[in-house]
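Let me begin by presenting the structure, written as structure tokens, before commenting on it.
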Amino acid sequence: MITTYLFYFLSFLAIMFALMVVLSKNPVHSVLYLVLAFFTIAGHYVLLNAQFLAAVHVIVYAGAIMVLFLFVIMLLNLNKETEPHKSVWLKASAAVASGLLLVVLVGSLKGAETIVQVNAFNPNIGLIENLGQTLFHDFLLPFEVSSILLLAAMVGAVMLGKRSIK
Amino acid sequence: MINLVWLVPLLPLIGFVIIGLFGKQLSKGLVGFIGCGSVLGAFIIAAGIFFQLTGQAEKSITVELFPWISAGKLSVPFSFLVDPLSSLFLLIVTGVGFLIHVYSVGYMHDDEGFARFFAYLNLFIFFMLLLVLGSNYLIMFVGWEGVGLCSYLLIGFWFKNTAYNNAAKKAFVMNRIGDLGFLLGIILIFVTFGSIGYHDVFMMAKNFSSGNPVLTSITLLLFVGAIGKSAQIPLFTWLPDAMAGPTPVSALIHAATMVTAGIYMIARSNILFTLSPITMEVVAIVGVCTALFAATIGLAQNDIKKVLAYSTVSQLGYMFLALGVGAYTGAVFHVMTHAFFKALLFLGAGSVIHAMSGEQDIRKMGGLKKYIPVTHLTFLIGTLAIVGFPGFSGFFSKDEILANAFEHNKLLWFLGVLGAAMTTFYMFRLYFLTFKGSFRGTSDQEHHLHESPKSMTVPLMILAVLSIVGGFIGIPEVLGGKHFLEEFLKPVFEDSTLRLIHHLPEQTELILMGVAITVMAAAIYYAYKTYIVNQTLPAAEEEELTPLHQLVYKKYWIDELYDNAITQPLNFISHGLHKVVDNQLIDGIVNGVGTVVNWTSSKIRLLQTGNIGFYVFVMVISIVIILFTRMM
Amino acid sequence: MRGGWRGNKMSAIQTIPINWYLLLSTVLFTIGVLGVLFRRNAIIIFMSIELMLNAVNLLLVAFSSYLSDSKGQVFVFFIMAVAAAEVAVGLAILMMVYRNTKSSDINMLNKLKW
């Protein structure tokens, strides 16, 4: 039973933090709320027996990506409430559109058939051993290719970040 | 030799390519050499094929070169059929073609389009050989269209003259009418027999009963093609106008070879026609009508080439008469002798025109005998041959046709003899007015009169000899001769002859010959009396003519009739369609679509504001719509 | 320690139907969309996109666990790699934009039109 409560609690937190990300006026606050939202998602991963993924998630997202965001915001000096506001009409239409999207998504998921479990339940698939087996066995080539992606991204970021050559 | 048959059409094609591409760079001598040489080479091979064929028992050989078209049920190989009929036509085309090439070297010597002329001539020979050699109707059709194209190019050879261009267009359009019939005929053949190869079609056709409506339709359609190409009623008016081309062209294309393509086609498909008695009647009637009709027009013409042109139409009518009464051998025989003497007459006329510095009106000639003796003598031989003077080639072939016509229907024979009488009259009228009497041209022309160069007179002499001896291969048995040609062509016409030919009693045949000779002699005498004794001259342009004479002189106003009844209404409709349907309706729709698209785009493009937020918003809404429709 | 994890009776799978995870992911995703539509600050929009990515990740992990198939989790790794790369490049672009326009307002970037 405790897992159920835990699920509700984490879900509530996740949705609330996510909303705060969108709604808070100060970008720095947004970033911090997003970090919290990521922690709740990591909690969900643990609930789902994906312990290794939860750890990686925290390291990569909260530890690396969000720091990068924060860094950029500081660098650009955006911590003031400098953002110009959209008109009320635009905000209303944005809210209505995303509301519609939510309704339609939920509606289309509602009619979906329940999944049939093909494999016997195995609580150990989230462990690093199993993941490693899959990653370096079935997905070896994509894994290697992703290294090229990261290299390209790194080169691109460096190129873009340089002061433009006069 | 027979497996070299592909060289026969290839040589003129090579000649065409070389002259056509490099004609401007080559000297006239070299162009003439290549042009004549390629045809001579073809002639030598054709002669070799001919003799090999006479010597061996196997009379029908198909030489397959390469698969050509293969689509669904249709499979057409590019192959040649060598049999007595095609080998005979090969000889005629390449032989007469070669002589006319040689003649052209002299005749066209001062023309600036010398190389172009030879290129066209070689191309023509190529297509004509293709037409004759093909082993299925499609290759024949390709050749058929090709010779039509060359005919168009050569009639309008002097393209700076609008009247010549119009004549070329007329020939082309009239041929198209016939070609459509031919094409439909081929399609119907394919639908009926599932093949268009001669061999398959004729084998299957033998199993059809006589008078089968499908066969009748096929043959009628084929005959429409023959009408167009061989200038029969009602599509004959292009041939006299085609005289606008250089004289060698008139001799080669519009007398000796191309216009006989229709006869070749019917002779080739003889079994189909034999099994369609209705078509045979139609062919015979059209043939004899054309023969008579053109002969009457020929009586009153004053242009030396026009007279010969109408005589060609008339002689073609005889050939169709022969086909119509089932005398296929007679038709082919006449094609051959006609090729000799009509080419001779045309080339002779060309020589006369050459001597007269381009003058073609016989009213301005006369007494040319002493100025151009060789031309005169050969022209006389040609005239005697065409009127069927005993011993000359025309006598034997025409006699065979008339005898067969008599056997088939007395009226056809009577009309044929009447046409022959008229032929005799106008040919001798032409001869007397041109060569006898006194010179009626200007003194300038008289001063300039001269015999043509060797390259022109030698072909004349060869053709004159052929016009005399050409008939000896078909001497009727009544006269104690042997019909070599019939013997030779027997394998081709075997199936038809079995069904058609009944031999006349010898006596009747001799009487018919006597009648023909008497009529001819009378016509010659009448012409002699009119033009030599009484020295009558054809009326000058401004003179009043009797209504009948006027009618004939104006060619029964056939051209005017076609113009008023067909061309002008068509032009009117076309004009209306152009102005209303094309310019307003279709252009309106097309331009309207463009305008509407332009206008809407200019409005829709404002939707692209460049605002990313707006784009995302539209995207989300679109996703909502898509998911919503999926959900439904 | 490992053994303790293995026999984990606190697995959410037993007690919570997958529909709840579907719903949670959908809500998080929609919040991300809302952020993209709602804000004009490019960095916030960027963060909203990260939120959407994580909503999808969560769903992948959920399905992976419910189906006992580790491939879903491997996919999440790849998505993380792509996200990291994307953030690096994206933020670099944002820096460039800011350097040129002195603003992180996406409405300044409206040159992409007729």
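The values are calculated or read from the model by the stated rules, or taken from the named source; none is laboratory data. Remember, it's a predicted structure, so these values are computed and weren't measured experimentally. So basically every Cβ, Gly included, is an ideal-geometry build from the backbone, and we count neighbours across all protein chains shown.
What are the residues in region A:39-51 that are at the interface with chain C (Cβ under 7 Å from one of its Cβ atoms) and modelled with pLDDT of 90 or more, if any?
Scanning region A:39-51 gives A:ILE41, A:HIS44, A:TYR45.
Let's see how each residue does on (1) part of a loop (DSSP other than H, G, I, E, B); (2) not polar (S, T, N, Q):
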{"site": "B:THR424", "(1), (2)": "no, no"}
{"site": "B:PHE428", "(1), (2)": "no, yes"}
{"site": "B:TYR431", "(1), (2)": "no, yes"}
{"site": "B:THR434", "(1), (2)": "no, no"}
{"site": "B:PHE439", "(1), (2)": "yes, yes"}
{"site": "B:HIS447", "(1), (2)": "no, yes"}
{"site": "B:MET456", "(1), (2)": "no, yes"}
{"site": "B:PHE493", "(1), (2)": "no, yes"}
{"site": "B:THR497", "(1), (2)": "no, no"}
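Mind listing just one residue for me: the one in region C:62-83 that is among the β-branched types (Val, Ile, Thr) and more than 22 Å from C:ASN19 (Cβ to Cβ) and, of those, surrounded by the most Cβ atoms within 10 Å (Cβ to Cβ)?
C:VAL74
Confirm whether B:VAL102 is modelled with pLDDT of 90 or more and buried (at least 24 other Cβ atoms within 10 Å of the Cβ).
So B:VAL102 fails the test.
Taking the conditions exactly as written (within 14 Å of chain B (Cβ to nearest Cβ), among the aliphatic types (A, V, I, L, M) and either out of contact with any strand residue (DSSP E or B) (no Cβ under 8 Å at 6 or more places or on another chain) or surrounded by 20 or more Cβ atoms within 10 Å (Cβ to Cβ) (or both)), does C:LEU59 satisfy them or not?
Answer is no for this residue.
When you scan region B:168-178, how many residues do you find that are in contact (Cβ under 8 Å) with a residue 60 or more places away in the chain and more than 15 Å from the chain's Cα centre (by Cα)?
Residues in region B:168-178 being in contact (Cβ under 8 Å) with a residue 60 or more places away in the chain and more than 15 Å from the chain's Cα centre (by Cα): 0 in total.
Which residue, of B:ILE227, B:ILE187, B:ILE218, is at pLDDT 90 or above, surrounded by fewer than 16 Cβ atoms within 10 Å (Cβ to Cβ) and in a helix (DSSP H, G or I)?
On the way: B:ILE227 fails: surrounded by fewer than 16 Cβ atoms within 10 Å (Cβ to Cβ); B:ILE218 fails: surrounded by fewer than 16 Cβ atoms within 10 Å (Cβ to Cβ).
The match here is B:ILE187.
Would you say B:VAL249 is within 18 Å of B:PHE333 (Cα to Cα), β-branched (Val, Ile, Thr) and in contact (Cβ under 8 Å) with a residue 24 or more places away in the chain?
no
Among the residues of region C:58-98, what is the count of those that are farther than 17 Å from A:PHE139 by Cβ and not in a helix (DSSP H, G or I)?
1
Output the number of residues of region B:387-436 satisfying the condition of being basic (Lys, Arg) and free of Cβ contacts under 8 Å to residues at least 40 places away in the same chain.
Counting residues in region B:387-436 that are basic (Lys, Arg) and free of Cβ contacts under 8 Å to residues at least 40 places away in the same chain gives 1.
Got a sec? Which helices (runs of 4 or more DSSP H) wholly within region B:549-620 have at least 1 residues that are closer than 30 Å to B:TYR426 by Cβ and away from chain C (no Cβ under 14 Å)?
B:558-562
Give region A:12-32 a look and list any residue that's at the interface with chain C (Cβ under 9 Å from one of its Cβ atoms) and in contact (Cβ under 8 Å) with a residue 12 or more places away in the chain, or say none.
A:ALA14, A:ALA18, A:VAL21, A:PRO27, A:VAL31
Look at region C:99-114 and say how many of its residues are part of a helix (DSSP H, G or I), within 14 Å of chain B (Cβ to nearest Cβ) and free of Cβ contacts under 8 Å to residues at least 60 places away in the same chain. Even if it seems obvious, please write down each step before you answer.
First, the residues of region C:99-114 that are part of a helix (DSSP H, G or I): C:99-101, C:106-108.
From what's left, within 14 Å of chain B (Cβ to nearest Cβ): C:101, C:106-108.
So of that shortlist, the ones also free of Cβ contacts under 8 Å to residues at least 60 places away in the same chain come out as C:101, C:108.
Residues flagged as part of a helix (DSSP H, G or I), within 14 Å of chain B (Cβ to nearest Cβ) and free of Cβ contacts under 8 Å to residues at least 60 places away in the same chain within region C:99-114 amount to 2.
Pull up region A:138-147, narrow it to residues that are part of a helix (DSSP H, G or I) and within 10 Å of another protein chain (Cβ to nearest Cβ), then point me to the one that is surrounded by the most Cβ atoms within 10 Å (Cβ to Cβ).
Going through the qualifying residues, I end up with A:SER146.
Considering only region B:285-304, state which residues are surrounded by fewer than 24 Cβ atoms within 10 Å (Cβ to Cβ) and assigned to a helix (DSSP H, G or I).
Across region B:285-304, the qualifying residues are B:ILE285, B:VAL286, B:CYS289, B:LEU292, B:PHE293, B:THR296, B:LEU299, B:ALA300.
Before we move on, is B:TYR137 of a type outside the set (Val, Ile, Thr) and surrounded by 21 or more Cβ atoms within 10 Å (Cβ to Cβ)?
Considered against the rule, which asks whether it is of a type outside the set (Val, Ile, Thr) and surrounded by 21 or more Cβ atoms within 10 Å (Cβ to Cβ), B:TYR137 comes out as yes.
Scan (1) surrounded by 11 or more Cβ atoms within 10 Å (Cβ to Cβ); (2) out of contact with any helix residue (DSSP H, G or I) (no Cβ under 8 Å at 6 or more places or on another chain) for the single condition B:HIS575 breaks and write down its number.
Failed condition: (1).
List the pairs whose first member sits in region B:322-350 and is at positive phi, whose second member is in a helix (DSSP H, G or I) and of a type outside the set (Ser, Thr, Tyr), and whose Cβ atoms are under 6 Å apart, counting only residues at least 6 apart or on separate chains?
If the second residue must be in a helix (DSSP H, G or I) and of a type outside the set (Ser, Thr, Tyr), the pairs left are B:GLY326/B:LEU500.
Residues in region B:87-119 that are in a helix (DSSP H, G or I) and either free of Cβ contacts under 8 Å to residues at least 60 places away in the same chain or of a type in the set (Lys, Arg) (or both): how many?
4
Can B:VAL282 be described as part of a helix (DSSP H, G or I) and buried (at least 24 other Cβ atoms within 10 Å of the Cβ)? Before the answer, list the steps.
Details: part of a helix (DSSP H, G or I): yes; buried (at least 24 other Cβ atoms within 10 Å of the Cβ): no.
Judged against the criteria, B:VAL282 is not a match.
Among the numbered criteria (1) modelled with pLDDT of 90 or more; (2) closer than 22 Å to C:GLU50 by Cα, which one does A:GLU144 miss?
(2)
Tell me, which residue of region B:499-541 that is in contact with a Lys or Arg (Cβ under 8 Å, 6 or more places away or on another chain) and assigned to a helix (DSSP H, G or I) is nearest to B:ASP361 (Cα to Cα)?
The extreme case among them is B:TYR531.
What are the residues in region A:61-79 that are β-branched (Val, Ile, Thr) and either surrounded by fewer than 19 Cβ atoms within 10 Å (Cβ to Cβ) or more than 7 Å from every other protein chain (Cβ to nearest Cβ) (or both), if any?
Once the filter is applied, which keeps residues that are β-branched (Val, Ile, Thr) and either surrounded by fewer than 19 Cβ atoms within 10 Å (Cβ to Cβ) or more than 7 Å from every other protein chain (Cβ to nearest Cβ) (or both), region A:61-79 yields only A:VAL67.
Results for (1) without any contact (Cβ under 8 Å) to a residue 40 or more places away in the chain; (2) surrounded by 12 or more Cβ atoms within 10 Å (Cβ to Cβ), shown as yes or no for each residue.
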site: B:LEU551; (1), (2): yes, yes
site: B:ASP559; (1), (2): no, yes
site: B:ASP582; (1), (2): yes, yes
site: B:ILE589; (1), (2): yes, no
site: B:TRP599; (1), (2): yes, no
site: B:GLN608; (1), (2): yes, yes
site: B:TYR615; (1), (2): yes, yes
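Just checking, which of B:GLY394, B:GLY382, B:GLY388, B:GLY416 is within 24 Å of the chain's Cα centre (by Cα), assigned by TED's automatic domain parsing to the domain that holds B:GLU509 and on the phi > 0 side of the Ramachandran plot?
Values: B:GLY394 fails: on the phi > 0 side of the Ramachandran plot; B:GLY382 fails: on the phi > 0 side of the Ramachandran plot; B:GLY416 fails: on the phi > 0 side of the Ramachandran plot.
Criteria check complete, one pass: B:GLY388.
Out of the residues in region B:16-61 that are of a type outside the set (D, E, K, R) and touching an Asp or Glu at 6+ places or on another chain (Cβ under 9 Å), state the one that is surrounded by the most Cβ atoms within 10 Å (Cβ to Cβ).
That would be B:LEU53.
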